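Student: Pasting a structure below so you can have a look.
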Amino acid sequence: MGSSSADAVIIGAGPNGLVAANALGDAGWDVLVLEASDRVGGAVRSDEVTAPGFLSDMFSAFYPLAAASPIIADLDLGAHGLSWARAPHVLAHPLEDGRAAVLHSRVEDTAAALDASTPGDGAAWIEMFKQWQLIRDPLLDSLFTPFPPVSGATRLLRRLGTSGALEFARMAVTPVRRLARERFRGDEAALLLTGNALHTDIPPDAAGSGMFGWLLAMLGQDVGFPVPRGGAQELAYALRRRAEAAGVQFRTSARVTRIEPGRGRRNRVLVADGTSVDARRAVLADVPAPALYEELLGPEQLPPRLRRDLDRFEWDNATVKVNWALDRPVPWSAAEVGKAATIHLGVDVDGFVDFAADLSVGRVPERPFILFGPMTTSDPTRSPDGTESAWAYTHVPRNLDWTGELLDAHVDRVEQALERVAPGFRASTLARHVQSPGDLEAVDANLVGGAVNAGSSALHQQLVFRPTPGLGRPETPVPGLFLASASAHPGGGVHGACGWNAARAALGSDGRTGSVRRALARTAWSRLLRPE
C-alpha cells in the first residue's frame, strides 16, 4: 500500500482518456493515467483470437470520425507511428437479388453508380456532398467542442444563411427513412444513408436518425473508412507514445475502486491494489456515467435530482460480434462488394425498420442487420496472403441472456445472411471466435451489457440531455471531477472529443477565470439538480 499525487488523474485509457492525457500533458500538467486492463486502448484493441497470423480488431475497427476529427489531426499521430490504410471502396450494401449499393472513394464514381440504377440520384448525391463540403469544418468544430458550441455554430450560420440554417435544422431531426425518400428516388442511396444511421441505436423512422446517417455517409465520402495499419491497437499505442513524450505516466492493471471528494478541487483516487493517488487539480473519468456516479462516487455524494435522472439513463443496444479466419477472400455475388472496407447486409430498405422494431420491443431479430469488416481488404498485414481476417457484429436486445443456444442460433443467422449474398462463405472458414455481450464487457468494463456507445444516441439523451439533463458539459457536481467518456457530449465514436472537452474544462477551471467557471457550474448544478 502507498500513496502518490499528480496534478491530474485520468481513470481509463480508452481513446477519450488518451486524448485527455495528451491535452493535459501538453499544458505542462503532471498527469497519471490509471487503466484497469493490461494495456491501453479500451475498445481500441487487436488480438489473434481465431488462428495464428490472423489479427482481429476486438471492438471498434474503422475510424472515419478519427480521420476527420480536428482533435485527432492536431495530435500528429503519424509522427508517433500511426499509419492509415484504406480499401478501394468505402462501403457496400449487397442485396440478395445480386444488386449492391456502393459508396466509392470518389464522389463522382458514387454518383455514376447511383445514376446507373436510378437516373437523377447521382446528381442528388453530389448536391448532398456539396452541402457537406460547405459546412464541414464549422460543423465538426461544433460537434466536437463543449456545449454550447458558440464559435462553430456562428461560423455554421454564416455559411448556411438563415434559410439554409432552417433547412439544415429540419434535416437534423428528420428520420433517415424520410430523408432518403425526399432526396432520392431509388433504393441504393437509401441503403447507404440508412445503414450508416444504424451504426447508432436510433430507429430509421425516428427523429435524429437522418443526421447520423448523413454525417457518416458524408464522412465516408470525404475521408473514407480508414483502419490503422497493423491493427486498431496501433491507434491506441500512438496516442500513448505521444502522451509519454509529453511526460504523461501510465499504470496498467490498475483498477480504480473509489473517488473520495476532498477540499476544493483536490480529490483522492483509490486503486484496487490498495494504493491511492491524490489529484491536486483534476480527476477525469473515462468511464460510463452510471459507473462514475453510482460506483466510483456513490449515491450519497449525489444530489437527489441527479440520482433520479440516472435511474432514467438509457443504454444503447447490446452487441454480438463474430470473428473469422478465412482461407480466401469473401465470395460476394456482387464483385464490387469485394473492394469495400465495410459491408452492410442482411436487410433491404424496409428490413431496417423491421430490425429496429425487433430491438425496440426486445425481440430476437430473425433477419438481423449486420456490419461486416473484411479487414485484410483494407490492410493486407492482418492475415497471410490470399486469406481474409473478417468480423461481423449485430445489435441485439439487452433484456435476454446471450449465452448457450440463444447465442449459437443468432450466430447461425449471421452466417446464413452472409451465405445469401456470398455463397460459399462458410466453406472458407478456417476458424471462428464469438464475442457475446458479456464477453465484450468482460474485456472492457465500459461496454456495459455489450453497449458500445456508452448510452443511447437518441435525441432525449444528446446535447444538454447527455448523460442526464444539465449543462451538456464534462463538469460534475464534484469540483475538480470531470466526465471524459462517451457518456458525455458528443457521445460515441472514436473522435476524442469527450476527452478533449473534459481536459479543456479542467484547464479552464484552473485558469484565471477558474473560480468563476466553478461557481457557474455549481450554480447550474444547484438549479438543475435541486431536490423536489
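Student: Restricting to region 464-485, count the residues that are more than 16 Å from the chain's Cα centre (by Cα) and either part of a helix (DSSP H, G or I) or within 30 Å of THR403 (Cα to Cα) (or both).
Tutor: 2
Student: Sort out which residues of region 134-176 are within 21 Å of LEU65 (Cα to Cα), open to solvent by less than 20 Å² (accessible area, probe 1.4 Å) and polar (S, T, N, Q), and write them in order of number.
Tutor: Answer for region 134-176, where residues must be within 21 Å of LEU65 (Cα to Cα), open to solvent by less than 20 Å² (accessible area, probe 1.4 Å) and polar (S, T, N, Q): just SER142.
Student: Could you give me the residue pairs with C-beta distances under 6 Å whose first residue belongs to region 284-306 and is open to solvent by less than 30 Å² (accessible area, probe 1.4 Å), whose second residue is modelled with pLDDT under 90 wherever it lies, and which are 6+ apart or on separate chains?
Tutor: Within 6 Å, the pairs are TYR293/LEU302; LEU306/LEU529.
Student: Scan SER56, SER5 and give me the residue that is open to solvent by 10 Å² or more (accessible area, probe 1.4 Å) and more than 26 Å from THR145 (Cβ to Cβ). Even if it seems obvious, please write down each step before you answer.
Tutor: On the way: SER56 fails: open to solvent by 10 Å² or more (accessible area, probe 1.4 Å).
Matching residue, one of SER56, SER5: SER5.
Student: Now for a different question. Taking region 467-507, which residues are open to solvent by 10 Å² or more (accessible area, probe 1.4 Å) and aliphatic (A, V, I, L, M)?
Tutor: Of everything in region 467-507, those that are open to solvent by 10 Å² or more (accessible area, probe 1.4 Å) and aliphatic (A, V, I, L, M) turn out to be LEU471, VAL478, ALA486, VAL494, LEU507.
Student: Kindly establish whether ALA422 is over 23 Å from the mean Cα position of the chain (by Cα), small (Gly, Ala, Ser) and within 24 Å of ALA87 (Cβ to Cβ). Show your work before the answer.
Tutor: Values: over 23 Å from the mean Cα position of the chain (by Cα): yes; small (Gly, Ala, Ser): yes; within 24 Å of ALA87 (Cβ to Cβ): yes.
Yes; evaluated as a whole, the condition is true for this residue.
Student: Restricting attention to strands (runs of 3 or more DSSP E) lying wholly within region 328-425, give those where 3 or more residues are touching a Pro at 6+ places or on another chain (Cβ under 9 Å) and crowded, with 17+ Cβ neighbours inside 10 Å.
Tutor: Working: elements: 340-345, 370-374, 388-396.
Those strands (runs of 3 or more DSSP E) span 340-345, 388-396.
Every residue, every condition in (1) in contact (Cβ under 8 Å) with a residue 60 or more places away in the chain; (2) open to solvent by less than 20 Å² (accessible area, probe 1.4 Å); (3) over 16 Å from the mean Cα position of the chain (by Cα); (4) more than 25 Å from VAL90 (Cβ to Cβ), yes or no:
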position: GLY17; (1), (2), (3), (4): yes, yes, no, yes
position: ALA20; (1), (2), (3), (4): yes, yes, yes, yes
position: ALA27; (1), (2), (3), (4): yes, no, yes, yes
position: ASP30; (1), (2), (3), (4): yes, no, yes, yes
position: VAL33; (1), (2), (3), (4): yes, yes, yes, yes
position: PRO52; (1), (2), (3), (4): no, no, yes, yes
position: PHE62; (1), (2), (3), (4): yes, no, no, no
position: LEU65; (1), (2), (3), (4): yes, no, no, no
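The values are calculated or read from the model by the stated rules, or taken from the named source; none is laboratory data. Every value quoted in this text rests on a predicted model; they were computed, and no experiment measured them. No Cβ is skipped: glycine too gets one built from the backbone with ideal geometry, and neighbour counts run over all protein chains shown. Surface accessibility is based on the protein's heavy atoms, side chains included, excluding ligands, DNA and RNA. Shrake-Rupley method; radii C 1.70, N 1.55, O 1.52, S 1.80 Å.
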